[in-house]
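Enquirer: If you scroll down you'll find the structure; I have some questions about it.
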Amino acid sequence: MLDITVEKNQKYLVFSDLVCTFFHTTQRDQQINDAKEKSNEGLAPHSSQISSTNNPSKIRIQLTYDNRKLFVMARHANNLPLINGNEPKPYCKCYLFPDESKLTKRKGKLANSRNPIFNDTFTYEMDLAEIQKRILHVGIWNNVLNVGNHVLGTVDIVLSDIDWSKENACDYTFTTRCFICTTYNGIHIFNVEPLTQKCYLDVGPTTYAEMLYRTNLIAYVPAEHATGLPSHVVNIYDNQRKAHVLELSFNSSVISIRMSRTRLLVILVDKIHIFSFPSKCRLLHTIHTRANPRGLCELSNNNGSLIVFPSNARPTGGLIQILVSIAKNVL
């Protein structure tokens, strides 16, 4: 029996200041059918010379809303990382999340400098009420022929925080990388460069935790106090509000969790529950798997439409099954 308990302030998950731009590794564009913009996993972390924390990479973005249209102007960027000692070839790309079908994708013109002047304008025709439910995701990508483009930096802007009565022009610092650790005492989140603890969540013994990219939403599995083993509960903690905003209860121990911008996966020993998330969190589908005591499962980063997990069927060529979403109401 699946029991879902939503606290009163769960409605604020999307309609208020959901995102703080300091969490998690920069995500790469995962669009499977776009070979030109396919991420090169090894290039960015090994070849890029990461900017000094005293002179971080920044982008100037100007936002205006007029006559039912949102104008996003990417003016210029500063101190982008060198690529193998060479100037990058950057361009801008932006989305309004959540966007499962990528209809809000916009792409700017190519530059040839680590301090590029873009002056790109991206236009979205949308009601202001809908705009304020969205997160503007802006990324600068490096154009690499025959290899695969990779991201140089990203920022997420919570549009509900913007004062639309005036023009808004700000310099946004690119998100730094970080990682999360669970301990008997709680959850620790560390910056990678410089290596320092970003924050500590005093939530008691925890067996597993996952961050929603660079946002302030953290899902974790509390440990049973008597045994230290995983409990039957998944808690969602909002580090901006310093409060728990959602609790999911199950009839067996939760082994692990996966999250994307539109989906939450809860992995049990023999099944995977798929929820819409963070907006209107509800159970969409349950996948029955073979015995999976390690909680093996991966979820694609774009819109959560690709899941890899141990197959329940008798294996013929391997133990891994790939489930690709065809019906959007499921994945």
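Enquirer: With respect to Arg114, determine if the residue is in a strand (DSSP E or B) and among the basic types (Lys, Arg).
Expert: Judged against the criteria, Arg114 is not a match.
Enquirer: If you go through the stretch 98-144, how many residues are touching a Ser or Thr at 6+ places or on another chain (Cβ under 6 Å) and either among the basic types (Lys, Arg) or farther than 19 Å from Asp66 by Cβ (or both)?
Expert: Selection size over the stretch 98-144: 3.
Enquirer: Now for a different question. Taking the condition of being outside any strand (DSSP E or B), of a type in the set (Asp, Glu) and surrounded by fewer than 16 Cβ atoms within 10 Å (Cβ to Cβ), how many residues in the stretch 58-108 meet it?
Expert: Going through the stretch 58-108 one residue at a time, the tally reaches 1.
Yes/no matrix, rows are residues, columns are (1) within 15 Å of Arg258 (Cα to Cα); (2) at pLDDT below 90; (3) touching a strand residue (DSSP E or B) at 6+ places or on another chain (Cβ under 7 Å); (4) not in a strand (DSSP E or B):
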residue	(1), (2), (3), (4)
Arg294	yes, no, no, yes
Ile307	yes, yes, yes, no
Thr316	no, yes, no, yes
Gln321	no, yes, yes, no
Ala327	no, yes, no, yes
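Enquirer: Continuing with this model, one more query. I need the full set of residues from the stretch 157-195 which are modelled with pLDDT under 90 and either in contact with a helix residue (DSSP H, G or I) (Cβ under 7 Å, 6 or more places away or on another chain) or among the small types (Gly, Ala, Ser) (or both), in order please.
Expert: Ser160, Ser165
Yes/no per residue for (1) under 22 Å from the mean Cα position of the chain (by Cα); (2) under 24 Å from Ser300 (Cα atoms):
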residue: Ala243; (1), (2): yes, no
residue: Ser249; (1), (2): no, no
residue: Ser260; (1), (2): yes, yes
residue: Val266; (1), (2): yes, yes
residue: Val269; (1), (2): no, yes
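Enquirer: Here is a list of conditions, (1) under 17 Å from Tyr91 (Cβ atoms); (2) at pLDDT 90 or above, and Thr154 meets all of them except one; can you say which number that is?
Expert: So the condition that Thr154 fails would be (2).
Enquirer: In the stretch 152-166, what count of residues is obtained for those that are outside any loop (DSSP other than H, G, I, E, B) and either closer than 10 Å to Ile135 by Cα or of a type outside the set (S, T, N, Q) (or both)?
Expert: Residues in the stretch 152-166 being outside any loop (DSSP other than H, G, I, E, B) and either closer than 10 Å to Ile135 by Cα or of a type outside the set (S, T, N, Q) (or both): 9 in total.
Enquirer: Oh, and also: Pairs, please: C-beta under 7 Å, at least 6 apart or cross-chain, first residue farther than 19 Å from Thr182 by Cβ and of a type in the set (S, T, N, Q) and in the stretch 241-270, second at pLDDT 90 or above and not in a loop (DSSP other than H, G, I, E, B)?
Expert: Matching pairs, first to second residue: Ser249/Val233.
The values are calculated or read from the model by the stated rules, or taken from the named source; none is laboratory data. Small disclaimer: the values here were computed from a predicted structure and weren't measured. A quick note on method: Cβ atoms are made from the backbone with ideal geometry, for glycine too, and the neighbour counts reach across all protein chains shown.
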